[in-house]
Amino acid sequence: MKEIKKVIVTGGAGFIGSHAVVELVQAGYEPVIVDNFENSFPIIVDGIQQILGDPVKIYKVDCRDSKGLQNVFDKEKNIYGVIHFAANKAVGESVADPLKYYDNNLQSLVTLLRVMKANNVLRLVFSSSCTVYGSPDSLPVNESLERKRPASPYGNTKRVSEELIEDFVASYPEFQAISLRYFNPIGAHRTSLIGELPIGVPNNLVPFITQTAAGLRNELTVFGKDYDTEDGTCIRDYIHVVDLAKAHVKALDAFLNVDFKGKNEIFNLGTGKGNSVLEVIKTFEKISGLKLKYRLGDRRPGDVPKIYGEVTKSSNILKWKSELTLEDSMRDAWNWQQYLGKINFKP
Ligand code: UD1
């Protein structure tokens with residue numbers, strides 16, 4: 001019988017983490033969620049369990065709490081590796097309160113690495129972001145480009161975290177790490193039992209679209225209409241969250257087949273294709289049959305005009321490629337929004 005590998009998933013009740021937990025179980029891993037529930041909700045855990053038809057193990061622990069983490073590692077023996085999703089991710093909030101971001105995002109990582117080292121758990125998958133490319137000079141961006149200083153403190157915590165992991169594995173080469181640079185994760189699980197739960201007014205495009213369509217927001221403002229792109233609006237690489245979740249399974253699998261010892265190997269996780277804000281809106285209108293209320297407004301400070309990623313390295317080494325389309329993403333995001341309306345959920 002195949003040995004079931006236990007994986008600690010920090011932030012496993014969050015948007016990407018919850019989808020990864022589902023994919024991990026379905027691929028034969030045993031995820032153990034560690035989450036402080038500051039930015040996540042019990043209905044997501046219920047949703048995970050409904051999809052799986054089985055309970056999942058959960059510890060309510062903040063990753064800055066080394067005793068709390070040690071307690072998890074004491075109780076859970078034979079840990080194969082850790083996927084570290086837990087972090088704050090709101091760009092605007094990070095500008096308003098940078099210390100919150102440096103404190104939480106960096107302290108969590110340092111504490112986690114200390115505890116992993118003390119317990120001889122040697123494999124880490126880290127959630128990074130394409131924000132470390134800054135405003136790129138050429139497209140698509142690939143992993144060998146130098147990191148640029150991101151426009152926000154949030155983004156900078158991702159850049160510093162990648163470097164921190166690099167320094168760590170260089171000093172302790174028995175460790176191996178994979179940093180996954182996400183482009184723009186959107187969508188929700190096909191079952192509508194888990195999805196994104198922004199607190200308050202959403203910063204990100206797709207939840208803003210679905211909340212506007214649901215009548216929770218008056219209208220969407222498209223940030224910028226005069227960019228040097230075909231329709232004047234920004235271009236991003238939107239990736240379905242389930243595709244993204246599957247890449248984490250592939251990353252854990254890759255530790256078995258490829259020697260990453262002493263390395264922090266970096267992979268882009270995107271579709272390799274860019275779409276404009278107006279294309280996203282049109283796709284939403286097509287799948288929902290609704291007209292979205294929007295207006296073309298000013299640029300948002302800190303936005304890069306265009307970014308999408310080269311995905312050859314992920315495809316060659318992780319054996320992973322995105323499969324779902326922008327239509328799939330918008331359909332699943334819209335179904336999720338409607339489900340939240342039906343259950344009258346208010347974060
Ligand atoms: C941002 C962060 C990224 C982070 C991601 C997930 C930056 C530069 N990017 O991505 O690092 O991982 O969030 O949290 O820090 N838009 C509108 N109207 C809206 C909202 C968005 O037109 O109301 C446009 C934006 O201008 C952008 C696109 O939609 O062109 C996507 O925006 P958003 O969903 O916020 O993601 P990013 O800013 O690309």
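The values are calculated or read from the model by the stated rules, or taken from the named source; none is laboratory data. Just so it is clear, the model here is predicted, and its values are computed rather than measured. Don't worry about glycine lacking a Cβ; one is built from the backbone with ideal geometry, like all the others, and counts go over all protein chains shown.
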Exercise. Out of curiosity, is THR131 touching a residue at least 60 places away in the same chain (Cβ under 8 Å) and either within 17 Å of the chain's Cα centre (by Cα) or under 17 Å from LEU269 (Cα atoms) (or both)?
Worked result: no
Problem set entry | Top-ranked residue of region 195-227 - restricted to ones that are within 10 Å of ALA333 (Cα to Cα) and not polar (S, T, N, Q), ranked as nearest to the ligand (Cβ to nearest atom) | VAL206
For this session: Just one of (1) in a helix (DSSP H, G or I); (2) buried (at least 20 other Cβ atoms within 10 Å of the Cβ) trips up GLY12, so point out which.
Result: (1)
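Residue-by-condition table, conditions (1) touching a His at 6+ places or on another chain (Cβ under 6 Å); (2) over 30 Å from ASP228 (Cβ atoms); (3) without any contact (Cβ under 8 Å) to a residue 12 or more places away in the chain; (4) crowded, with 19+ Cβ neighbours inside 10 Å:
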residue	(1), (2), (3), (4)
TYR102	no, yes, no, no
VAL110	no, yes, no, no
ARG114	no, yes, no, no
PHE126	yes, yes, no, yes
ARG149	no, no, no, no
ILE165	no, yes, no, yes
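When the residues of region 295-333 are filtered to those that are among the β-branched types (Val, Ile, Thr) and within 16 Å of PHE183 (Cα to Cα), which remaining residue is farthest from the ligand (Cβ to nearest atom)?
It comes out as THR312.
For ILE44, indicate whether it is assigned to a helix (DSSP H, G or I), modelled with pLDDT of 95 or more, of a type in the set (A, V, I, L, M, F, W, C) and crowded, with 23+ Cβ neighbours inside 10 Å.
yes
Given PHE260, PHE255, which one is of a type in the set (Phe, Trp, Tyr), out of contact with any Gly (no Cβ under 8 Å at 6 or more places or on another chain), farther than 21 Å from LEU278 by Cα and more than 9 Å from the ligand (Cβ to nearest atom)? Lay out the reasoning, then the answer.
Numbers: PHE255 fails: out of contact with any Gly (no Cβ under 8 Å at 6 or more places or on another chain).
Result of the check over PHE260, PHE255: PHE260.
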Problem set entry | Residue among PRO31, PRO55 that alone is surrounded by fewer than 16 Cβ atoms within 10 Å (Cβ to Cβ) and modelled with pLDDT of 95 or more | PRO55
